[in-house]
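The block underneath contains the structure these notes are about, expressed in structure tokens.
The values are calculated or read from the model by the stated rules, or taken from the named source; none is laboratory data. The shown structure was predicted, so the numbers you read here are calculated from the model rather than taken from an experiment. We place every Cβ from the backbone using ideal geometry, glycine too, and count neighbours over all the protein chains shown. Quick note on the areas: whole protein, heavy atoms, side chains included, nothing else; ligands and nucleic acids left out. Shrake-Rupley method; radii C 1.70, N 1.55, O 1.52, S 1.80 Å.
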Amino acid sequence: MKTRVKELRAAAGLTQQQLAEQVHVSSRTIISIEKGQYSPSLMLAYRLALVFGVTVEDLCCLQENKELEDKQYEDL
């Protein structure tokens, strides 16, 4: 799943380790989220959204991800 974590983290001037500490996960988790290899749980997405002052919908690009998923179903 695409997220804006990397973009928002960079804009906030945080390292992956600093962000990880703020949301109580490992830096490896942040790296995986930023690479799109791991989708955060709802609670982790909420914690990240709070850090950046955005909604979970915005953080996780939910509208864009839904449209991509819908397109995949249309192509079946």
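Just the residues that are small (Gly, Ala, Ser), closer than 19 Å to Thr55 by Cβ and touching a residue at least 12 places away in the same chain (Cβ under 8 Å), please, taken from region 12-43.
Result: Ala12, Ser39.
Filter region 59-69 down to the residues that are out of contact with any helix residue (DSSP H, G or I) (no Cβ under 8 Å at 6 or more places or on another chain), open to solvent by less than 60 Å² (accessible area, probe 1.4 Å) and in a helix (DSSP H, G or I) and list them by number.
Asn65
Could you tell me whether Leu42 is among the aliphatic types (A, V, I, L, M) and either open to solvent by 40 Å² or more (accessible area, probe 1.4 Å) or touching an Asp or Glu at 6+ places or on another chain (Cβ under 9 Å) (or both)? Even if it seems obvious, please write down each step before you answer.
On the way: among the aliphatic types (A, V, I, L, M): yes; either open to solvent by 40 Å² or more (accessible area, probe 1.4 Å) or touching an Asp or Glu at 6+ places or on another chain (Cβ under 9 Å) (or both): yes.
For Leu42, the condition - among the aliphatic types (A, V, I, L, M) and either open to solvent by 40 Å² or more (accessible area, probe 1.4 Å) or touching an Asp or Glu at 6+ places or on another chain (Cβ under 9 Å) (or both) - is met.
Rundown of residues vs (1) surrounded by 11 or more Cβ atoms within 10 Å (Cβ to Cβ); (2) part of a helix (DSSP H, G or I); (3) not β-branched (Val, Ile, Thr), yes/no style:
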residue	(1), (2), (3)
Lys2	yes, no, yes
Lys6	yes, yes, yes
Leu14	yes, no, yes
Gln37	no, no, yes
Arg47	yes, yes, yes
Leu50	yes, yes, yes
Glu57	yes, yes, yes
Lys71	no, yes, yes
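Go through region 22-35 and give me each residue that's among the polar types (S, T, N, Q), surrounded by fewer than 16 Cβ atoms within 10 Å (Cβ to Cβ) and under 19 Å from Lys2 (Cα atoms).
Keep residues of region 22-35 that are among the polar types (S, T, N, Q), which gives 22, 26-27, 29, 32.
Still in the list and also surrounded by fewer than 16 Cβ atoms within 10 Å (Cβ to Cβ): 22, 26-27, 32.
Hits for region 22-35 are Ser27, Ser32.
In region 16-35, what residues are part of a loop (DSSP other than H, G, I, E, B) and over 21 Å from Glu64 (Cβ atoms)?
His24, Val25, Ser26 - these are the residues of region 16-35 that are part of a loop (DSSP other than H, G, I, E, B) and over 21 Å from Glu64 (Cβ atoms).
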